[in-house]
1. So which residues in segment 115-129 are under 13 Å from the mean Cα position of the chain (by Cα) and modelled with pLDDT of 90 or more, if there are any at all?
2. Name the residues in segment 108-129 that are touching a strand residue (DSSP E or B) at 6+ places or on another chain (Cβ under 7 Å) and part of a loop (DSSP other than H, G, I, E, B), would you?
3. Could you count how many residues in segment 85-107 are assigned to a loop (DSSP other than H, G, I, E, B) and either at pLDDT below 95 or of a type outside the set (A, V, I, L, M) (or both)?
4. If you check every pair at least six apart or on different chains, which have Cβ atoms under 7 Å apart with a residue in segment 13-27 that is of a type in the set (Val, Ile, Thr) first and a residue that is at pLDDT 90 or above and part of a loop (DSSP other than H, G, I, E, B) second?
5. What residue, among those in segment 76-125 that are under 19 Å from Arg29 (Cα atoms) and polar (S, T, N, Q), is surrounded by the fewest Cβ atoms within 10 Å (Cβ to Cβ)?
6. Restricting attention to segment 52-71, which residues are under 13 Å from Leu33 (Cα atoms), under 14 Å from the mean Cα position of the chain (by Cα) and in contact (Cβ under 8 Å) with a residue 40 or more places away in the chain?
7. Please tell me if Glu9 is more than 26 Å from Ser94 (Cβ to Cβ), modelled with pLDDT under 95 and either assigned by TED's automatic domain parsing to the domain that holds His112 or outside any helix (DSSP H, G or I) (or both).
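The values are calculated or read from the model by the stated rules, or taken from the named source; none is laboratory data. It should be emphasised that the depicted structure is a prediction, and the values quoted were computed from it without experimental measurement. For neighbour counting, all protein chains shown are included, and Cβ atoms are generated from backbone atoms with ideal geometry for every residue, glycine included.
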Amino acid sequence: MLLRRLRRESAPLSSWAEWEHAYASVLLRVEVLRTIDRMRLGGFVADGQVAELITSAHAMFDVLEFVPLNSSILRRASESFRTALGTLDALHLSTALWLMEAASVDLTFLTHDAELALAARSVNFAVEGI
């Protein structure tokens with residue numbers, strides 16, 4: 001979601017920044033910055049673009065409330081889900097579940113990933129982006 005917005009790709013979320021609070025796993029920061037670096041190393045973006053992407057990413061990070069991984073999130077991510085889900089996506093979904101359960105946060109799950117959207121819907125999240 002964030003990378004699509006940074007790269008100005010098609011189908012950005014129409015309701016971007018219209019929410020009161022935005023939460024993300026601390027993993028999002030790592031994923032975004034690693035992806036920018038892979039794009040640089042692959043020759044898909046020039047150095048000037050890398051600097052711009054990183055600056056824009058940090059500006060977006062500043063408005064997110066990052067949720068650290070904890071033992072409850074890690075435990076839930078290691079358990080089975082109703083649908084197939086990779087490790088990082090299981091951690092993201094488990095973070096959202098933890099926020100909903102432990103912090104009583106009502107969430108809409110944002111993703112452009114069809115597999116993650118299906119898994120989020122399977123545990124009763126409203127999903128936007130897919």
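1. Leu116, Ala117, Ala120, Val127, listed by residue number.
2. Narrowing segment 108-129 to residues touching a strand residue (DSSP E or B) at 6+ places or on another chain (Cβ under 7 Å): 108-111, 117, 120-121, 125-129.
Scanning segment 108-129 gives Thr111, Phe125, Gly129.
3. The number of residues fulfilling the criteria is 6.
4. Val26/Pro68; Val26/Leu69
5. Here the answer is Thr87.
6. Listed by number, the residues that qualify are Ala57, Met60.
7. Against the criterion (more than 26 Å from Ser94 (Cβ to Cβ), modelled with pLDDT under 95 and either assigned by TED's automatic domain parsing to the domain that holds His112 or outside any helix (DSSP H, G or I) (or both)), Glu9 qualifies.
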